[in-house]
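Bear in mind that the values in this text are calculations on the coordinates, not laboratory data. The structure displayed is predicted, hence computed values, not measured ones. In this analysis, Cβ positions are derived from the backbone assuming ideal geometry, glycine residues included, and neighbour counts consider all displayed protein chains.
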Amino acid sequence: MFLTKDFFNLISDFGDDWVIEEFNADHNKKEVYLKMKYANNKYFDPDSDQECKLYDHAPERVWRHLDLWDYKSFIICRLPRIINSDGRVKTIKLGWADKHDRHTYSFEIKLIDTLNGTRNQTKTSELLGCSFRLANRIIHQSTERGLSRRDMQKQPIEDIGLDEKAFKKGHKYVTVISHPRSGCVIDVGEDRDEKSVIELLRKTFTEQQLVKINTVCMDMWKSYINAVDQCIPNAEKVHDKFHLIKYLNDAIDNIRRREVKENEVLKYGRYTLLKNEENRTEFQKQLFEEIMKSNLEVTKAHYAKETFRSLFNIHNDDYQATESLKSWATTFYMYNISELNKVILMMLSHAKGVINAMISTHTNAMAERLNGKIQEIKLCGRGYRTFKNFRSAILFFHGGLQLYPLKW
């Protein structure tokens, strides 16, 4: 028994003030119970750190700890309570668990690591033999802890990305603010209407920080434009290339759907037209050549998209980029294709943001990669019913936060 207690004290990580004095095992439940006591003869006020007299010991409590082999382990302890100079009775401060929790910091760190590996709360709770509610609570708890440690005042934020992410069915969206330089999510807001985005920006950044933001990468969603104009009027709006090409792709697909009724060659042409050349299969390459030989409107729209794509990163100033955009718009507007003209007029109405995208090195590529990672979270988690859970999951996995509890 003595050697066993020495062994547990040797491998435990509770500090010099705590020792394991007894252990028991239930082999049917595969559980180990480690009874621990406070070994120091000095007691300190948890708030002022002043030395105080021992008052009594609190009733026995149990904390979940790291597994020992395939046995769950639990810490059992009666915590000392002190009486301070004001006559108030308090429980001493623990270095190995939060006073409100029923698990140790070591177990919480293990659960955080497992969550990062599985991306799934249900799977994590099954692997560690704990409840789903505990895994969910630790996600919220560690996320808020990480946010409280992140000092936004000291972080130089000159560029941000604004992007939307579908939350659940019924056109429910969240707005994601990202930091292109660090590749992290800064915060997540519910909805994408103007009022919600304004509240999110003002909650996330101080007035001094908003003034220092130089560039905002986003799509042409009106609510985002209005919110940025109101909160960050000095920032340049960059309408990201990814979204601009997406509008053209949507126009191409709508034209194909209209023309496929009378042109058999377009029957299997949807992904052939939307894919980049390097991603097409051999069959799609042959089909693409056949489509390009035709004189269909979808062929002309595809040519318009490829020409627009070539306008990026070849200009150094507004004048050259403006002239190129005008020339492109004039040329392809004359084709009189309604779906394409709608996109051309939309781009001209947001010409400044499009021109900034043509000459700027700032893009929403990182935000789009984050969007894909957020989608992975949704798939692994099989959806999120509440915004609170979805926000915490996004920030937990992609907020770049210090999630671990600090021992001692």
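With no solvent and one equal point scatterer per Cα, compute the Debye intensity ratio I(q)/I(0) for the stretch 2-146 at 0.13 Å⁻¹ and report its log10, rounded to two decimals.
With no solvent term, the Cα-only Debye profile gives -0.67.
Per Stokes-Einstein, at 4 °C and 1.567 mPa s, what whole-number D in µm² s⁻¹ belongs to the stretch 323-369, with the Kirkwood radius over Cα pairs as the hydrodynamic radius?
In µm²/s, the coefficient rounds to 109.
Quick one: dipole size for the stretch 329-405, taken about the Cα centre, charges +1 on Lys/Arg Cβ and -1 on Asp/Glu Cβ, in debye to the nearest 20.
Charge dipole, the stretch 329-405, about its Cα centre: 400 debye, nearest 20.
I'd like the Karplus ³J(HN,Hα) series for the stretch 278-283: coefficients 6.51, -1.76, 1.60, θ = phi - 60°, whole numbers in Hz, and an x wherever there's a Gly or Pro.
Values per residue, Gly and Pro as x: 5, 9, 7, 6, 4, 4 Hz.
Once you've got the Cα coordinates, tell me which of Lys110/Lys246; Lys165/Lys285; Lys261/Lys352; Lys29/Lys99 are over 31 Å apart. Write out the running numbers ahead of the final one.
Numbers: Lys110/Lys246 42 Å; Lys165/Lys285 33 Å; Lys261/Lys352 38 Å; Lys29/Lys99 27 Å.
Exceeds cut-off: Lys110/Lys246; Lys165/Lys285; Lys261/Lys352.
Out of His302, His65, His171, any idea which swings most in a Gaussian network model of the chain, alpha carbons joined below 10 Å?
Looking only at His302, His65, His171, the largest GNM fluctuation is found for His171.
For the chain, take the convex hull of the Cα atoms, compute a quarter of its surface area, and give me that in nm², please.
Quarter of the Cα hull surface area: 28.5 nm².
Ratio to report: Rg/Rh of the stretch 219-312, with Cα atoms as the point set and Rh obtained by the Kirkwood method; give two decimals.
Rounded to two decimals, Rg over Rh is 1.12.
If every alpha-carbon in the stretch 349-390 counts as one equal scatterer, what log10 I(q)/I(0) does Debye give at q = 0.14, 0.15, 0.31, 0.35 1/Å?
-0.53, -0.57, -1.04, -1.08
Taking a ≥ b ≥ c as the square roots of the Cα gyration tensor eigenvalues, with a/c under 1.5 meaning rounded and otherwise prolate when a/b beats b/c, else oblate, which class fits the stretch 269-366? Can you show the working numbers first?
Numbers: a/c = 2.45, a/b = 1.51, b/c = 1.62.
Taking the square roots of the gyration eigenvalues as a ≥ b ≥ c, the stretch 269-366 is oblate.
For the chain, set up a Gaussian network in which alpha carbons nearer than 10 Å are linked by springs, and say which option among Leu147, Leu94, Leu248 fluctuates the most.
Fluctuation is largest for Leu94.
Multiply the residue gap between Arg133 and Arg257 by 0.36 nm, knock off their C-alpha separation, and tell me the result in nm, one decimal place.
Taking Arg133 through Arg257 to full extension adds about 39.9 nm, to one decimal.
Which value in nm describes the separation of the simple spin-label points at Asp6 and Val19, placed 7 Å from the Cα toward the beta carbon?
1.3
Per-residue ellipticity at 222 nm for the chain, helices alone: DSSP H runs ≥ 4 residues times -39500 (n - 2.57), over residue total, nearest 500 deg cm²/dmol?
Taken over the chain, the calculation gives -14500 deg cm²/dmol.
About its Cα centre, how strong a charge dipole does the chain have in debye, to the nearest 20, once Lys and Arg get +1 and Asp and Glu get -1 at the Cβ? It would help to have the intermediate numbers written out before the result.
Details: 64 positive and 57 negative charges, 215 e Å.
The calculated dipole for the chain is roughly 1040 debye.
I'd like the distance between the alpha-carbon centres of the stretch 292-325 and the stretch 196-239, rounded to an integer number of Å.
Computed from Cα coordinates, the inter-centre distance equals 29 Å.
Report the Rg/Rh value for the stretch 153-307, based on alpha-carbon coordinates and the Kirkwood definition of Rh.
1.12
Over the Cα atoms, compute the radius of gyration (one decimal) and Dmax (the largest Cα-Cα distance, rounded to a whole number) for the stretch 148-222, in Å.
Rg, Dmax (Cα atoms, Å): 12.5, 39.
Which values, in whole Å and largest first, are the semi-axes of the equivalent ellipsoid of the stretch 249-303 obtained as the square root of 5 times each eigenvalue of the Cα gyration tensor?
Gyration-tensor ellipsoid for the stretch 249-303: 16, 12, 10 Å.
Report the extension gain between Arg78 and Asn295 in nm, rounded to one decimal, defined as 0.36 nm multiplied by the number of residues separating them, less their alpha carbon distance.
Contour length minus the Cα-Cα distance gives 69.7 nm.
For Cα pairs less than 8 Å apart in space and 6+ apart in sequence, what is the mean separation divided by the residue count of the stretch 241-359, i.e. the relative contact order in percent?
31
Return Asp47, Asp193 ranked ascending by Cβ neighbour count within 10 Å, so the fewest neighbours appear first.
Asp47, Asp193
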